[in-house]
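The values are calculated or read from the model by the stated rules, or taken from the named source; none is laboratory data. For clarity, every value in this text was computed on a predicted model and none was experimentally measured. Every residue, glycine among them, receives a Cβ derived from its backbone with ideal geometry; neighbour counts consider all protein chains shown.
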Amino acid sequence: MSYKNILISSENSIATITINRPTKLNALNKATIKELHEAFGELEKNYETRVIILTGAEEKAFVAGADIAEFAHFSVEEGVQLAAQGQEILFNFVENLKIPVIAAINGFALGGGLELAMACHFRIASDNAKMGLPEVSLGVIPGYGGTQRLPQLIGKGRAMEMIMTAGMITADEAYRTGLVNHVVPQNELLDYCNGIAQRIMKNSPLAISKAIRAINANYKDGENGFETEIKSFGKCFGTEDFKEGTTAFLEKRKAIFTGE
Ligand code: COA
């Protein structure tokens with residue numbers, strides 16, 4: 001499939017998606033959101049891909065937010081629709097993907113950009129990155145899950161302050177609050193993410209997808225995370241990956257997982 005607003009490259013089962021609208025600081029317009037949905041869906045179906053890294057083109061921005069020009073004249077109904085559709089086809093979609101998704105935050109991650117990074121399974125930032133949810137400065141609130149995921153990641157009080165002040169925090173501040181897991185020099189960002197991806201790929205893809213499901217269950221209304229964990233744990237016992245992992249351990253060799 002060919003895309004206009006994103007680039008995809010794959011090497012050794014690691015796919016990198018680059019949001020590629022640098023003249024608009026990679027802002028998320030509807031077309032880009034749709035392309036991202038399709039790309040993530042395709043990569044999930046393709047059994048070759050074991051980890052996805054999501055980043056932004058060039059050095060200035062990961063994503064500077066939803067495309068303000070596109071929604072500036074929206075009505076109430078269109079606003080509801082924009083948030084609902086975006087959450088469904090991209091933000092929740094990424095969070096629930098079976099393959100690990102790492103956000104490589106290479107610059108500004110603002111508004112929908114930070115919301116997208118927060119929907120990824122975890123985040124690594126370059127030292128020049130700046131993050132914030134500036135929506136209230138535009139007279140609107142975060143609509144792609146920011147009011148929910150930011151408090152989950154950094155705590156309610158800090159999230160309240162960030163959202164109310166519409167301020168930006170540095171990569172180091174983001175590290176201190178747990179918003180990002182690591183901060184690295186910009187020119188090392190993708191290699192660093194690749195290194196983590198390599199470590200993930202040594203493990204069972206099936207078990208990883210079940211772990212993602214169980215961890216996410218804690219944050220879903222009406223779902224009991226402990227129950228989900230018990231069921232997912234049990235299902236692992238019926239998999240080839242479990243047989244291979246335990247057998248390899250007992251035979252003192254490295255496991256070769258097939259994801260079955
Ligand atoms: N939506 C649409 N276009 C955006 C954008 C967004 N969220 N963020 C940046 N752009 C565009 C600018 O309009 C500009 O386009 P132009 O050259 O055609 O005028 C281009 O990207 C470069 O941005 P610019 O503002 O000139 O860069 P800067 O270095 O002066 O400032 C930012 C960088 C990130 C501080 C600034 O672009 C900004 O505040 N962006 C909006 C952030 C935001 O509020 N996001 C939440 C949206 S809900």
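Scanning region 123-141 for residues that are more than 12 Å from the ligand (Cβ to nearest atom) and either surrounded by fewer than 16 Cβ atoms within 10 Å (Cβ to Cβ) or over 13 Å from the mean Cα position of the chain (by Cα) (or both) returns S126, D127, N128. Those residues that are within 16 Å of the ligand (Cβ to nearest atom) and either part of a loop (DSSP other than H, G, I, E, B) or without any contact (Cβ under 8 Å) to a residue 12 or more places away in the chain (or both), I need them from region 20-59; list them, please. Passing the criteria: N20, R21, T23, L25, N26, A27, N29, A57, E58, E59. Counting the residues of region 67-87 that are aromatic (F, W, Y), part of a loop (DSSP other than H, G, I, E, B) and within 11 Å of the ligand (Cβ to nearest atom) gives 0. Taking every residue in region 135-150 that is of a type in the set (A, V, I, L, M) and pairing it with any residue that is near the ligand (Cβ under 10 Å from one of its atoms), at least 6 positions away or on another chain, the pairs with Cβ-Cβ distances below 8 Å are V136/A166; L138/I68; I141/E135; L150/L114; L150/L133; L150/P142. Here region 9-19 is the region considered, the condition is being surrounded by fewer than 16 Cβ atoms within 10 Å (Cβ to Cβ) and in a strand (DSSP E or B), and the residue that is farthest from the chain's Cα centre (by Cα) is E11.
Residues checked against (1) among the basic types (K, R); (2) touching a strand residue (DSSP E or B) at 6+ places or on another chain (Cβ under 9 Å); (3) surrounded by fewer than 14 Cβ atoms within 10 Å (Cβ to Cβ):
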residue: R21; (1), (2), (3): yes, yes, no
residue: N29; (1), (2), (3): no, yes, no
residue: I33; (1), (2), (3): no, yes, no
residue: H37; (1), (2), (3): no, no, no
residue: F40; (1), (2), (3): no, yes, no
residue: L43; (1), (2), (3): no, yes, no
residue: N46; (1), (2), (3): no, yes, yes
residue: L54; (1), (2), (3): no, yes, no
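Scanning region 170-181 for residues that are surrounded by 14 or more Cβ atoms within 10 Å (Cβ to Cβ) and either acidic (D, E) or touching a helix residue (DSSP H, G or I) at 6+ places or on another chain (Cβ under 7 Å) (or both) returns E173, T177, L179, V180. Taken together, N26, N20 contain a single residue that is closer than 17 Å to A125 by Cβ and modelled with pLDDT of 95 or more, which is N26. Being under 20 Å from the mean Cα position of the chain (by Cα) and in contact (Cβ under 8 Å) with a residue 40 or more places away in the chain, is that true of even one residue in region 218-225? Yes: region 218-225 contains one or more residues that are under 20 Å from the mean Cα position of the chain (by Cα) and in contact (Cβ under 8 Å) with a residue 40 or more places away in the chain.
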